[in-house]
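Presented below is the structure to which this report refers.
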Amino acid sequence: MIITTGEHHAPAAVERAAALAAKSGCRYVPRNRASMARLAELHPGEDILVILEGGARLHRPGEQPMTFHPSMSFVRAKRLLKGEKDTMLEAAGVRPGDTIVDCTAGLGSDSIVFSLGAGHEGKVVAMEDSLPLWALLYEGFAHYASGLQPFDEALRRIEPRCGHHLRLLQEMPDQSADVVYFDPMFRDPVLESSSISPLRAFANNNRLEEAAIAEASRVARRTVILKEKIGSGEFERLGFHVLGRGRSKITYGVITP
C-alpha cells in the first residue's frame, strides 16, 4: 500500500501521510498533482490511501473507493444522546467506564457506539486484520469531524490496533477487558449496502476460530458477544447463548466467562 495526499494538500496532510507511512511500514508517495489514474499506473496493483482533511479515502484497482464515514453509527449516536437505548449495548451489558475490545472493527461503526456507551472513563480497542482498513480507521478516528462534540470525542477515545484478533487477544492479560465483541463478515450476506459492499474486498472473510473465542473468554471479565445471522450455525458451533430473536435476521449471542 502507498500513502499520499489529496491533489490540493496542506502541509499538515503531508505530515500525517508521512507519519502514517512510518507507523504502518508503507510508502509515502508525494502526490505532485498526479491523478488517481496516474498513481495507479505508476504503482500497479497497490492499494492507495489518500489522506484528507477529515480522515482518509482508500482506493483499490477495480473496486469502489471507500472514504471514512461513521454511517449508521452517527444515527445510533444521536439516539443514545437523546437517552434512547441501543440493542448492541444492551446485549453486551455495557457500562460507563468499561474497557471494550472490538475484535472485528471493519469500518468502525460498532467501535464508535461502544465508545459512546463506555463514556469518558471507558476505553475501546478496535482490532482490524486488514492493514488498509486499519489505516483508514486510524486516520478517521483521529480526524473525522461530525460537528457533534460528544460523537467526535468518542472517536478520539478509540485505539485502533492492526493485526489478527487471535494474536492480539493472546497478547492481552487475563480479565483485562470487560466486554469482547465479534462481528465477522457474514459469508451469506443478508443485505448489501453502499458501505458494506466495498468493505468485502478488504476485510477478512474467514469464519471465527474456536481458539479466538477461548482467548476472548480468558480476556473478558464479564461478556463475550457475537453478532451473527440467525440460522448460520455459528452460535451453536462456538458455544454462544442466543439472545431474543425478535423480527430481525441478525441477533446477538453471549458467553459469560
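The values are calculated or read from the model by the stated rules, or taken from the named source; none is laboratory data. Note that the structure is predicted; figures quoted are calculated from it, not measured. Don't worry about glycine lacking a Cβ; one is built from the backbone with ideal geometry, like all the others, and counts go over all protein chains shown. For accessibility, only protein heavy atoms count, side chains too; no ligands or nucleic acids. Shrake-Rupley method; radii C 1.70, N 1.55, O 1.52, S 1.80 Å.
Mind listing whichever residues of region 111-130 are polar (S, T, N, Q), open to solvent by 10 Å² or more (accessible area, probe 1.4 Å) and either within 14 Å of GLU153 (Cα to Cα) or without any contact (Cβ under 8 Å) to a residue 24 or more places away in the chain (or both)? Those that are polar (S, T, N, Q), open to solvent by 10 Å² or more (accessible area, probe 1.4 Å) and either within 14 Å of GLU153 (Cα to Cα) or without any contact (Cβ under 8 Å) to a residue 24 or more places away in the chain (or both): none in region 111-130. For region 1-26, a residue qualifies if it is closer than 22 Å to ALA37 by Cβ, of a type in the set (A, V, I, L, M, F, W, C) and touching a helix residue (DSSP H, G or I) at 6+ places or on another chain (Cβ under 8 Å), and the qualifying residues are MET1, ILE2, ILE3, CYS26.
Give me a count of the residues in region 132-150 that are touching a Phe, Trp or Tyr at 6+ places or on another chain (Cβ under 9 Å), closer than 12 Å to PHE74 by Cβ and of a type outside the set (A, V, I, L, M). Residues meeting the conditions: 2. Screening LEU133 with (1) surrounded by fewer than 18 Cβ atoms within 10 Å (Cβ to Cβ); (2) within 19 Å of GLY106 (Cα to Cα); (3) in contact with a strand residue (DSSP E or B) (Cβ under 8 Å, 6 or more places away or on another chain); (4) of a type outside the set (Ser, Thr, Tyr) gives one miss only, at (1).
Selection over region 170-201 of residues that are modelled with pLDDT under 95, over 21 Å from THR251 (Cα atoms) and in contact with an Asp or Glu (Cβ under 8 Å, 6 or more places away or on another chain) gives a count of 2.
Specify the residue that is surrounded by the most Cβ atoms within 10 Å (Cβ to Cβ); the eligible residues are those in region 222-247 that are in a loop (DSSP other than H, G, I, E, B) and modelled with pLDDT of 95 or more. Give the steps one after another, and end with the answer.
The initial filter retains those residues of region 222-247 that are in a loop (DSSP other than H, G, I, E, B), namely 230-233, 239-240, 243-247.
Now narrow it down to the ones that are modelled with pLDDT of 95 or more: 239-240.
Values: GLY239: 14, PHE240: 19.
Applying the filter and picking the extreme gives PHE240.
When you scan region 153-172, do you find a residue that is out of contact with any helix residue (DSSP H, G or I) (no Cβ under 9 Å at 6 or more places or on another chain), open to solvent by 10 Å² or more (accessible area, probe 1.4 Å), more than 24 Å from ARG218 (Cα to Cα) and not aromatic (Phe, Trp, Tyr), even just one? Within region 153-172, none of the residues are out of contact with any helix residue (DSSP H, G or I) (no Cβ under 9 Å at 6 or more places or on another chain), open to solvent by 10 Å² or more (accessible area, probe 1.4 Å), more than 24 Å from ARG218 (Cα to Cα) and not aromatic (Phe, Trp, Tyr).
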